[in-house]
Amino acid sequence: MKKFEPDSIAEYLDELDRDYMYELCCLQVELLQLQKYVTEQGIRLAIVFEGRDTAGKGGAILRFRQHLIPRYCKVVALHKPTDEERGQWYFQRYIQHLPKAGAIVLFDRSWYNRAVVEPVMGFCSSEEHERFMEQVNIVEKLWVDDGIKLIKLWFSIDQEEQGSRLQDRQLNPLKTWKLSPVDLAAREKWDEFTSYKEKMFAKTSPSHSPWVRIDGNEKKVARLESIRYVLSQFDYPNKGFTGVSLEPSSKAISCLVSPH
C-alpha cells in the first residue's frame, strides 16, 4: 500500500480544530481499511448506538459513516412501530435490518428502546419489558452464533451537560428539529431512566455482546474514542498505517460484562 502522507489531508483541516480534525481524518481512513476488510471477508457487522437524548449518538454515527462506501454501510433509525408491527414479535422488525455478508449496519437506537425509554415513558407494559429482558440475551446469542459481529455502544452524559444541550436545541434554529416533547419529558424522569439503564447494564451485557460505555460529556472525544474502540476489535490489513493511536482510552471507555 502507498505510504500514508499526513499532508494529504491538510486541506480538510479547520485551524480551530486542527488536532481533532487531523485525528478524526486518520481514524476515518482506518475505518475505510476496516470496511474493505469487512467486505472482502464477508463479515456482518452491526453496531448499536444508544444513550440518553443529546448524548451524541447522531454525531458519532455521522463521523462513522461520513466517508464509508454507502453501498456497504447503512444507518437504521426506525420510527415508532406501526399497528401491524405492534402485533408482531418485538424483535421482528429489527431482524430484517441485520447486516448481510460484507456489510456494516449502524443502529441509531435499537431494540433496546424496550429496556429503558419505553418503560420509563409508559410506551410498554411491565410484562412486555420483563419479557424483553428475558429474551434479549438469547436473541443476541443466536445472532452472534450465526456469525454477526455485534458491538453495543452506550454514550453516557451527566444531567448538567444534557440540560445545556437541550437548551442549545431550544435556542438554536439549526437544531430545533432535534428537539421533541419526549426529550423534555424524559429529562424530568432522570432518576427513573438511570434505574432502568443500570438494570439493563446488569442483565444484558454478557460476554458475547457486552455493553461498551463511552463518556459523552465531551462530544469530540466520544466520537474519536468510539471509532477507536470499533477499530480495536478487528485485525485488518494495514492496521495503524496512518500512525494515529488505535488504543481506546480507559478514561473515556469501559466495557461492561455482566455475569448473566
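Annotations for the structure displayed:
- Residues being more than 24 Å from residue 160 (Cα to Cα) and assigned to a loop (DSSP other than H, G, I, E, B) - total across segment 53-71: 4
- Against the test of being modelled with pLDDT of 95 or more, touching a strand residue (DSSP E or B) at 6+ places or on another chain (Cβ under 7 Å) and either part of a loop (DSSP other than H, G, I, E, B) or surrounded by 15 or more Cβ atoms within 10 Å (Cβ to Cβ) (or both), the options 129, 97 yield a single qualifying residue, 97.
- Matching residues, segment 141-157, being at negative phi and either loosely packed, with under 13 Cβ neighbours inside 10 Å or in a helix (DSSP H, G or I) (or both): 141, 142, 143, 144, 145, 146
- Flag for residue 45 being surrounded by 11 or more Cβ atoms within 10 Å (Cβ to Cβ) and either among the aliphatic types (A, V, I, L, M) or at pLDDT below 95 (or both): yes
- Within segment 211-235, tally of residues that are small (Gly, Ala, Ser), over 21 Å from residue 17 (Cβ atoms) and touching a residue at least 60 places away in the same chain (Cβ under 8 Å): 0
- Condition met for residue 174 (closer than 21 Å to residue 94 by Cα and without any contact (Cβ under 8 Å) to a residue 12 or more places away in the chain): no
- Top-ranked residue in segment 179-217 [being at pLDDT below 95 and acidic (Asp, Glu); ranked as nearest to residue 132 (Cα to Cα)]: 183
- Looking across segment 169-180, the residues that are assigned to a helix (DSSP H, G or I) and surrounded by 15 or more Cβ atoms within 10 Å (Cβ to Cβ) come down to 169, 178.
- Pick from segment 181-230, criterion β-branched (Val, Ile, Thr) and outside any helix (DSSP H, G or I), ranking: nearest to residue 169 (Cα to Cα): 214
The values are calculated or read from the model by the stated rules, or taken from the named source; none is laboratory data. These figures come from a predicted structure and were not determined experimentally. For neighbour counting, all protein chains shown are included, and Cβ atoms are generated from backbone atoms with ideal geometry for every residue, glycine included.
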